[in-house]
1. Rolling a 1.4 angstrom probe over the protein chains, ignoring ligands and nucleic acids, what is the accessible area of Y119 in square angstrom, nearest 10?
2. Taking N as the number of residues in the chain, what value does Rg over Cα atoms divided by 2.2 N^0.38 Å take?
3. Per the helix-only calculation at 222 nm, which mean residue ellipticity applies to the chain, given -39500 (n - 2.57) for every DSSP H run of n ≥ 4 and division by its residues, nearest 500 deg cm²/dmol?
4. Just tell me the longest site-free run in the chain, where the sites are GluC sites (Glu not before Pro) in a DSSP loop having at most 16 other beta-carbon atoms within 10 Å.
5. I need the trypsin sites (Lys or Arg not before Pro) found in the stretch 285-330, filtered to DSSP loop residues with at most 14 other beta carbons within 10 Å of theirs.
6. At 25 °C and 0.890 mPa s, what whole-number value in µm²/s does Stokes-Einstein give for the translational diffusion of the stretch 173-253, with Rh from the Kirkwood sum over Cα pairs?
7. From Cα pairs below 8 angstrom and at least 6 apart in sequence, can you work out the relative contact order of the stretch 78-147, rounded to a whole percent?
8. Normalised by the residues of the stretch 1-159, what does the relative contact order come to in percent, with Cα pairs under 8 Å and at least six apart?
Amino acid sequence: MKGPIAEIVLAGPRGFCAGVERAIDIVEVALSVCAPPVYVRKEIVHNRHVVEDLRAKGAVFVDELDEVPDGATVVFSAHGISPAVREDARHRALRVIDATCPLVTKVHLEATRYAREGYSIILIGHEDHDEVIGTVGEAPERIAVIDSAREVEGLEVHDPDKVAYLTQTTLSVDDTRDVIAALRRKFPKIVGPSRDDICYATQNRQAAVKTLAGDVDVVLVIGAANSSNANRLVEVSQTVGTRAYLINDVGDIRPEWLAGARRIGVTAGASTPEVLVSQTVEALKTEGVHVREVRVVDEDVRFALPNELEQMARERAVTVPERSAIRQSI
Ligand code: SF4
């Protein structure tokens, strides 16, 4: 794999966002303060390395709640859940720890508010993504999901003067702008959230890779195939005209991708641990290869852990570990 590479350029920011850090910390803390086993519904975040690490520490991953015994402890993933799942957990007397990212919860709250006020809601997103499934569950009879401007023309709503739009948090900023513009043309009175639903982490990672892509011959995006935000980083690079490949880790790199490339860009989706970036850089680097970072913004977002963890720790008379002591192996 090592060849005529002169420079490796890292995107900044890249990798873990505050919602992913919080979700992983929640599972780690749950494993230390709750009676085992701790079940996790769906992948806590879309990354195999993260899931395998937590599984090795004792977390039991399930697809649906019917795999969880009555009364057991279950963590809901960062992508959020529909109210039907929450209700099911309540009926089954499950002890719930909710790792839904607060920025996803914001979209759920907007959906319930618009539905309550009688709006037809257009949710821009990918209908098979866990986050979108959860949001649609807030008002299934009122929400239509679209993922491109092409679909706007065929939309039919009850009252064209009473339409609202929302977006998945991990979309392409540029593509979404086009879809919203098409919606505004079709429904001139459409309303939307006062602050973008596309989250800060998605926006920052796209801005960073856009800056970097113009300066390199090829971009490697480290992330899972089912990670929406990682896939968008590939698309953003390609939009700039730079070849880009999505890899789970360094083992996926094909030498022909890098043939003749002098400058390699590297970034990582919001659920990708930094260790996978370090391994990739290490594999590409030879003596004389320069490594630098293009940082477009510094992030200082951090979300608090949910109160139910404190409660569970008190019941078992154990102490919740400091945040700085968590997540050392991922
Ligand atoms: S990508 Fe954004 S919405 Fe998703 S977990 Fe991270 S911060 Fe939250």
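1. Answer for Y119: close to 40 Å² accessible.
2. Working: Rg = 21.1 Å, N = 330, 2.2 N^0.38 = 19.9 Å.
For the chain, the normalised Cα radius of gyration comes out at 1.06.
3. Details: 11 runs with 120 residues, N = 330.
Here the helix-only value at 222 nm equals -11000 deg cm²/dmol.
4. The longest uninterrupted stretch comes out as 157-286.
5. R302, R316
6. 174 µm²/s
7. 42 percent
8. Reported as a whole number, the value is 19 percent.
The values are calculated or read from the model by the stated rules, or taken from the named source; none is laboratory data. None of these values were measured; they are calculated from a predicted model. All Cβ positions, even for glycine, are placed from backbone atoms using ideal geometry, and neighbour counts span all protein chains on display. Heavy atoms of the whole protein, side chains included, go into the accessibility calculation; ligands, DNA and RNA do not. Shrake-Rupley method; radii C 1.70, N 1.55, O 1.52, S 1.80 Å.
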